[in-house]
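Asks: One structure, as C-alpha cells, below. Some questions next.
The values are calculated or read from the model by the stated rules, or taken from the named source; none is laboratory data. As the structure is a computational prediction, the values presented were derived from the model and not from experiment. Positions of Cβ are generated from backbone atoms using ideal geometry, with glycine treated the same way; all protein chains shown enter the neighbour counts. Only protein heavy atoms, including side chains, enter the accessible area calculation; ligands, DNA and RNA are left aside. Shrake-Rupley method; radii C 1.70, N 1.55, O 1.52, S 1.80 Å.
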Amino acid sequence: MYQRLLEHLTTAVVTLDGALRVNWLNPAAEALLAVSLSRVQGTRLDSLEGENGAVAELLGKALSEQHPFTQREAVLILPGGEATTVDFTVTPLDENELLLEIEPRDRLMRISREEALIARQETIKVLSRGLAHEIKNPLGGIRGAAQLLERDLPNPQLAEFTRIIVEEADRLRDLVDRMLGPNNLVHHEPLNIHQVLERVRALLEAEHPRVDYVRDYDPSLPELRGDDAQLIQAVLNVARNAVQAMEENDTEHPQLILRTRARRQFTLGAERHRLVCEVAVIDNGPGIPANLRETLFFPMVSGRAEGSGLGLSIAQSILHQHQGLIECDSHPGCTEFRLMIPMETH
C-alpha cells in the first residue's frame, strides 16, 4: 500500500544505499531525472552528483551524520546535459539507506520571473501613456505657435528657424508615439510562423549580407492565429538588434539562428497553454551587458550607441497583445531571445 502511495505522488522520491546507488525511485523521479528504474537500479546516478558534486556531498554528509538535510535551489545535471533547479530533502532511513525527496523549481521560478516581467511592463505602459499625454500637449502648442509666427515674420529667411521648430516638434511627437508601441488592434488570423521568419530573414539578408543566417524550423508546427504584420515587426526588431550588435562589435563569423519549436502544456505568466510556439533568435555576438539585462525591455534602454531603445519594448508589447512574451538568456558568444506565442487565442 505504501509503495502505491509513493508511486502516485507528484513529488520525486528516490531511495539510495550506502554507496549512493539507486534502490528505488517513483514515476515522478523517473520523469524528473529522465531515467527508468529498470535501467538505473543498483547504479550511481551522475545527475544526483549535482553541480560540482554539491548534492552528492550533502547526501554523504546526511548518511555519515544520520541527520536530515534540506537544500534549496540545487542544480542537477540531467543525462542530456540540461541543468534543472530543484529543492530536495535527504533523510537517513538507517546507516545504509537514504530517502531523497526532490521538488522541481524551474517552472515555479520561471512563472515568478514572467509574472514580475508582465507586472513591470504594465506599470511602464501606464507611466509611458501618462508621460506621453503630458509631452504631446505642449508640443502641439509649440508647433502651432511656430506656424503662426512663420506667417507674420517680415523676413522670409527667418522662416527657416520656425520650420526647424515645427520639424523638431514633429520628431518628438513621433518618438513618443513609437515609445508607446503599436496602437493598432491585433487582427487574429491564421498564419504560418515560418512565413513570418522567412520575411524577416529576407529583409535582414538584404541589409546585412555578411551575416550567416541559419534556419532551424520545426515543420510539424501548425498554424497559429495572430497579426502577420505585427509579428514580423516584433521578430524583425529582435533580430535586427542582434545583427547590428554583431556588426558594431566586429564579431568574427557572425551567425544568426532562427529556430522554431513547439512547447506542450506550457505556462506563460499564470496561465497554462496546451500548445505554445517558441521562436528563438540566437546570435554569436558580444552578449548583453549585465547592467542592462534587468531593464532590457524598458523604453529608451539600449546597449548600442546608435540605438533608440524602443525596438525590444515594442516587440514585447506586440507579444503581450498575442498573450505571449519574450525571454532572454545572454552571455558573451551566445544571446538567445525566445518569443513565446500561444497557438490558441481566447
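Asks: Considering only the other residues whose Cβ falls under 13 Å of the Cβ of His188, what net charge follows from Lys and Arg at +1 and Asp and Glu at -1?
Replies: -4
Asks: What is the gain in length, in nm to one decimal, between Arg39 and Leu203 on full extension, counting 0.36 nm per residue of separation less the C-alpha to C-alpha distance?
Replies: Working it through step by step, the gained length comes to 54.0 nm.
Asks: Taking the Cβ-Cβ separation of Trp24 and Arg225 as r and a Förster radius of 51 Å, what is the calculated FRET efficiency to the nearest 0.05?
Replies: The formula returns an efficiency of 0.65 here.
Asks: Work out how much length Glu160 to Glu82 would gain on full extension: take 0.36 nm times their residue separation and subtract the Cα-Cα distance, in nm to one decimal.
Replies: 21.8 nm
Asks: With the crude spin-label approximation of a point 7 Å out along Cα→Cβ, what separation in nm comes out for Cys328 versus Glu252?
Replies: 2.6 nm
Asks: In addition: If we count every other residue with Cβ under 11 angstrom of Glu336's Cβ, Lys/Arg +1 and Asp/Glu -1, where does the sum land?
Replies: So the environment of Glu336 carries a net charge of -2.
Asks: What's the magnitude of the charge dipole for region 53-98 around its Cα centre, counting Lys and Arg as +1 and Asp and Glu as -1 at the beta-carbon? Answer in Debye, nearest 20.
Replies: That gives region 53-98 a dipole magnitude of about 140 debye.
Asks: Right, something else. What percentage of the solvent-accessible surface of region 53-105, computed with a 1.4 Å probe over protein heavy atoms, is contributed by carbon and sulfur atoms?
Replies: 46 percent
Asks: Hey, can you rank 12-21, 59-68, 36-45 by average C-beta count inside 10 Å, highest first?
Replies: Peptide ranking by packing, descending: 12-21, 59-68, 36-45.
Asks: Hey, with R₀ at 51 Å, roughly what FRET efficiency would Leu275 and Ala145 work out to, going by the Cβ-Cβ distance, to 0.05?
Replies: That gives a FRET efficiency of 0.40.
Asks: Counting only heavy atoms of the protein chains, get the accessible area per residue of region 9-116 (1.4 Å probe) and round it to a whole Å² value.
Replies: So region 9-116 comes to 53 Å² accessible per residue, rounded to a whole number.
Asks: Just to be sure I understand the model, the point goes 7 Å from the Cα along the line to the Cβ. What's the resulting Phe69 to Ala56 distance in nm?
Replies: 1.4 nm
Asks: Cβ under 14 Å from Thr89's Cβ, Thr89 left aside: what net charge do those residues give with Lys, Arg +1 and Asp, Glu -1?
Replies: Spelling it out: positives minus negatives among the neighbours equals -1.
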